[in-house]
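What follows is a short report on a single structure.
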Amino acid sequence: MTNTIESFAGEDILSVNQFDRESLNAIFSIAHEMRVLVERFGSAELLQGKILANLFYEPSTRTSSSFTAAMQRLGGQVIPINNVQYSSVSKGESLPDTIRTLECYADVIVIRHPEVGAAATAAYYAHKPVINAGDGVGEHPTQALLDLFTVQEELQQVDELTVAMVGDLRFGRTVHSLTKLLLNYNVSFIFVSPEILRLPADVLAAVDASGHSYAQVEDLHSVIGEADVLYMTRVQRERFTDLAEYDRVKDFFVVDQALMSQARERMIVMHPLPRVGEISYALDDDPRSAYFRQMRNGMYIRMALLAALLGKA
């Protein structure tokens, strides 16, 4: 486990299991400084001369763009590979060879891949830092970091909160990672999903082993008034092999003004985006709707991580 900001230099970011409260506080402190830097000056030259390779085997808007923006805000440059069908991968090149090639040009590699464990494989063959930007239904550690940072920034606390995770808890890697990260804090969980989209057994086992309080329910209306954090997710069509099953659950939960009238005045609604109907556009101006502020926080967190991995934090 990485405990201090100095110990991040040259390391990989593959899993939320690498973080404890001390290292989280260190990353969040730097992320807050990055926010101030951007708001006051727009950019800095902290990573001038450094290059990031963005290797995305799956479509991405927010994660890819925020890593690019983070690197460029710090004075670095980016090699964007956002559609591997136009790369040597389409010719049959292996992941290890792709990674070994990219590290000839770049100082840090960000990878998103549809297979669980692909980021760990990349890190095994790389001599440069590798950041997991999502591996199938596995983990998405930087999303979990920005999510937790958002909770801290919005509510000025994490301990003693009730966090409701809603929607696709089975395939949602953001939920898996954030749940594990929140085990470092004194929180209570409400897992809200249809039966077929419940939290995977291994994640629930980690919650059980930690001794945290939790409930599993199917009715969001019955628990909306208890939530300090409402973490919505979309039902991911691309993860289903049976589209009829997807059609049965895709509109299971919708957060609208009627539902939010039952929610607390001091709470936040989050979403990793994209949304496909599970949050009404009418809620975008509700001060409790934090999802676009959440996206902006992603750039600050990734600025902090890039600076830390490259020894400039």
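The values are calculated or read from the model by the stated rules, or taken from the named source; none is laboratory data. Bear in mind the structure is a predicted one, so any value in this text is a computation, not a measurement. Cβ placement follows ideal geometry from the backbone for every residue including glycine, while neighbour counts extend to all protein chains displayed.
Observations
- Filter pass, Gln143 being among the polar types (S, T, N, Q) and within 23 Å of Ser213 (Cα to Cα): no
- Residue pairs meeting the criteria (Cβ under 7 Å; at least 6 apart or on separate chains; first among the β-branched types (Val, Ile, Thr), in the stretch 14-38; second surrounded by fewer than 19 Cβ atoms within 10 Å (Cβ to Cβ)): Ile30/Ile5
- Selection count where residues are surrounded by fewer than 24 Cβ atoms within 10 Å (Cβ to Cβ), over 11 Å from the mean Cα position of the chain (by Cα) and modelled with pLDDT of 95 or more, scope the stretch 122-149: 6
- Filter result for Val163 (surrounded by 18 or more Cβ atoms within 10 Å (Cβ to Cβ) and either within 29 Å of Ala209 (Cβ to Cβ) or outside the structural domain of Ser222 (by TED's automatic domain parsing) (or both)): yes
- Counting only residues that are surrounded by fewer than 18 Cβ atoms within 10 Å (Cβ to Cβ) and out of contact with any helix residue (DSSP H, G or I) (no Cβ under 6 Å at 6 or more places or on another chain), the stretch 178-205 holds 10 of them.
- When the test is whether a residue is within 20 Å of Leu148 (Cα to Cα) and more than 14 Å from the chain's Cα centre (by Cα), Val187 passes it.
- Strands (runs of 3 or more DSSP E) enclosed by the stretch 208-313 - at least 2 residues per element that are surrounded by fewer than 17 Cβ atoms within 10 Å (Cβ to Cβ) and at pLDDT 95 or above: 214-217
- All of (1) of a type in the set (Val, Ile, Thr); (2) part of a loop (DSSP other than H, G, I, E, B); (3) in the same structural domain as Leu273 (by TED's automatic domain parsing) hold for Thr150 with one exception: (2).
- Some residue of the stretch 130-149 being out of contact with any His (no Cβ under 9 Å at 6 or more places or on another chain) and more than 25 Å from Met267 (Cα to Cα): yes
- Of the residues Ala44, Ala26, the single one that is surrounded by 13 or more Cβ atoms within 10 Å (Cβ to Cβ) and closer than 24 Å to Ala123 by Cα is Ala26.
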